[in-house]
Amino acid sequence: MTTTNRHDNPEGALACFKAELTEKDFEVFSKFIYSEYGIKMPPIKRIMLQGRLLKRIRELNMKSYSEYKEYFFSQAGQEKELLHFLNVVTTNKTDFFREPVHFIFLKENILPAFQEQDTKQLFKVWSAGCSSGEEPYTIAITLNEFQRLNPLFKFQITGTDISTQMLEKAAKGVYPMTKVATIPLELKKRYLLKSKDSANPTVRVHPLLQKNLVLNYLNLMESSYGVKETYDVIFCRNVLIYFDRPTQERVINKLCQNLKKGGHFFIGHSESLSGMDVPLKHIKPTIFEKI
Ligand SMILES: C[S@@+](CC[C@H](N)C(=O)[O-])C[C@H]1O[C@@H](n2cnc3c(N)ncnc32)[C@H](O)[C@@H]1O
């Protein structure tokens, strides 16, 4: 006679798993994600959330979405499960040199103007919603390149996100080869280190790119960010898109409290600030200056 358990009989595990996130349970999660994290989750996303939660529910050896819901909203769940849940519900797509117009503007306009003004000050950049690090590392490449020509130039980059899984990836700075195709060859040679494992070709970012980078958990929905620094540039790209308009406006106003007068604010190409009451002047599409 042979015996099986859930792990060596996945069909059996599925058979006892109630594989539907009901509309009612979805609505409970959706309301929570929206009120706590500003992320819109309309009914059309139910099947997506169901799919994304499935792996986590299996990891916890639970039998249904409602069992997971009970646990999630219990005190223990709120203490232990919240970060896992955020890793599941956030959309983290990103790339090196994504929307390159911002890095060109940084290199050709912002940095030369900063250098003319005051070379002793630290140049500070915030990547809000930095995901797995491609954005802050692209900023770091751009600033390191400028520093090569201007040795007195000093900078600091802060990357923040609510996904701890993404922040861990960012801190590691290891990416599959396929991920770095958008980095120009000369910069790849200077700032990436190839792994020796030919079966699993990865690259590691050069420690130079990590030297001036700080990564932190920060929920943009918090009433106050507790950030003391004021920044020369804030990247908040492809994050606002998940929030509704009033939330976007509130988030931008809060971020602007930490942006220097005359500092620059970048948003993603599918985002817009038109009609919003925010202290930003439009310079070019998706590029703004604090007034
Ligand atoms: C699509 S990625 C964009 C990454 C990068 N900025 C870019 O443009 O390539 C959006 C990121 O925003 C983060 N995010 C979503 N809601 C957030 C919130 N309330 N506070 C902080 N970060 C959030 C997600 O975890 C995700 O990593």
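All of the numbers you see were taken from the coordinates with simple rules; none came from a lab. Note that this is a predicted model, so its numbers are computed, not measured. Neighbour counts are summed over all protein chains in view; Cβ atoms, including those assigned to glycine, are modelled from backbone coordinates with ideal geometry.
Over the stretch 92-163, the hull volume per residue, using the convex hull of the C-alpha atoms, is 75 Å³. Amide H contacts under 5 Å for THR158: VAL125, TRP126, SER127, VAL214, restricted to partners 5 or more places along the chain or on a different chain, H placed in the peptide plane at 1.01 Å from N.
In this Cβ point-charge picture (+1 for Lys and Arg, -1 for Asp and Glu), the chain has a dipole of about 640 debye about its Cα centre. Of the residues GLN78, LEU218, THR142, the one whose Cα sits farthest toward the positive end of the charge dipole of the chain, with +1 on the Cβ of Lys and Arg and -1 on the Cβ of Asp and Glu, is THR142. Taking a straight line from the alpha carbon of LYS194, these lysines sit under 21 Å away, with near neighbours fewer than eight places off in the same chain left out: LYS169, LYS172, LYS179, LYS211.
Once you sort the root eigenvalues of the Cα gyration tensor of the chain as a ≥ b ≥ c, which label holds: rounded (a/c under 1.5), prolate (a/b larger than b/c) or oblate (the other case)? Walk me through the intermediate numbers first.
Values: a/c = 2.62, a/b = 1.54, b/c = 1.70.
Oblate is the answer for the chain, as a/c is 1.5 or above yet b/c matches or exceeds a/b.
Give, rounded to the nearest 20 debye, the magnitude of the charge dipole that the stretch 169-291 has about its Cα centre when Lys and Arg contribute +1 at Cβ and Asp and Glu contribute -1 at Cβ. Numbers along the way, then the final one.
Numbers: 20 positive and 10 negative charges, 126 e Å.
It comes to approximately 600 debye.
Within straight cross-link reach of LYS55, meaning Cα distance under 15 Å, which aspartates and glutamates are found once same-chain residues fewer than 8 apart are removed? By straight Cα distance, LYS55 reaches GLU11, GLU20, GLU67, GLU81. Between the listed residues TYR65, VAL251, ALA171, the Cα displaced farthest toward the positive end of the dipole of the chain, a dipole computed from Cβ unit charges relative to the Cα centre, is found at ALA171. Considering every alpha-carbon pair of the stretch 211-264, the percent of pairs per 10 Å bin, from zero through the bin containing the longest distance, is 21, 55, 23, 1.
When shorter helices are ignored and each DSSP H run of at least 4 residues is given -39500 (n - 2.57), the per-residue value for the chain at 222 nm works out to -11500 deg cm²/dmol. Going down the table (LYS189/LYS228; LYS154/LYS261; LYS124/LYS196; LYS40/LYS80; LYS189/LYS290), which pairs top 25 Å between alpha carbons? Too far apart for the 25 Å limit: LYS189/LYS228; LYS124/LYS196; LYS189/LYS290.
Taking packing as the residue-averaged number of other Cβ atoms within 10 angstrom, the listed peptides 62-68, 75-81, 172-178 run from highest to lowest as 62-68, 172-178, 75-81.
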